[in-house]
Amino acid sequence: MDEKTVASGTVRVLMDAAEQVIGTNGLKSLLNYAMMPQLMDEKPGYGFEKAYTDIEYSRIIVSFYELLGVSGAKAIFRIIGKLIAVRVKDLGLLDQFKDLPGQEKLFKAVEIYAMVSGRGTVTIQGDKVVFDNTLCTTCFNLKSDVPICTVINGFLDELAVWAGFKGARSIETKCKAMGDDTCLYEVVTGQ
């Protein structure tokens, strides 16, 4: 049996944001395709308990790519990532960092994500905040010629706006789906 490493809250906020973007019937279609239709009736909680395997989480993600194509899924996922960050902000989970300088605010917000998900590390490298995720579940079991973990890009983009960096856009410079050993994201802050 595969180890459960993905928090129930991770699956739930993904579902909530996806439903906001593609509607209830769109989400139902994706979950049916992923062979996980029970999630519509028995929605996971928002907790941090590990309730899903990487394979189960991957089935949800893969359904987007297979049904929408790479370009469509990447566009939808970037929006979903932004909505997830908005939810995190609205819940007040980042309020403790509001008085820090911009780059440090962004660093702390991404650091919280890394701690909660149990995946990745964040560093400041000059004028960049860098998130390195060797245990990425977003592209688990996927192959691509281009970086595809845009849900994280959208999340980072919205966190950068919250930190005061209007127009900052994260770039995934490495992706495990392309054969890299990690998924690496950079947000240039200009600080």
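Quick notes on this structure:
- Flag for ALA177 being small (Gly, Ala, Ser), touching a strand residue (DSSP E or B) at 6+ places or on another chain (Cβ under 9 Å) and closer than 19 Å to LEU94 by Cβ: no
- From the options GLU104, GLU19, residue that is over 19 Å from VAL151 (Cβ atoms) and either of a type outside the set (Phe, Trp, Tyr) or in contact with a strand residue (DSSP E or B) (Cβ under 9 Å, 6 or more places away or on another chain) (or both): GLU104
- Scope the stretch 158-191; condition outside any strand (DSSP E or B) and either among the polar types (S, T, N, Q) or surrounded by 22 or more Cβ atoms within 10 Å (Cβ to Cβ) (or both); matching residues: GLU158, LEU159, ALA160, ALA163, SER170, CYS175, LYS176, ALA177, THR182, THR189, GLN191
Yes or no, residue by residue, for (1) over 28 Å from SER29 (Cβ atoms); (2) small (Gly, Ala, Ser); (3) crowded, with 21+ Cβ neighbours inside 10 Å; (4) at pLDDT 95 or above:
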site: GLY47; (1), (2), (3), (4): no, yes, no, no
site: ALA114; (1), (2), (3), (4): yes, yes, no, no
site: PHE131; (1), (2), (3), (4): yes, no, yes, yes
site: LEU135; (1), (2), (3), (4): yes, no, no, no
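- Tally of residues being surrounded by fewer than 22 Cβ atoms within 10 Å (Cβ to Cβ) and either among the hydrophobic types (A, V, I, L, M, F, W, C) or under 20 Å from ILE55 (Cβ atoms) (or both) across the stretch 141-157: 5
- Residues of the stretch 55-107 that turn out to be of a type in the set (Gly, Ala, Ser), in a helix (DSSP H, G or I) and surrounded by fewer than 19 Cβ atoms within 10 Å (Cβ to Cβ), as a count: 5
- Filter result for GLY154 (touching a residue at least 12 places away in the same chain (Cβ under 8 Å) and either on the phi > 0 side of the Ramachandran plot or in contact with a Pro (Cβ under 7 Å, 6 or more places away or on another chain) (or both)): no
The values are calculated or read from the model by the stated rules, or taken from the named source; none is laboratory data. In this text the structure is predicted, and so the values were computed from the model without any measurement. In this analysis, Cβ positions are derived from the backbone assuming ideal geometry, glycine residues included, and neighbour counts consider all displayed protein chains.
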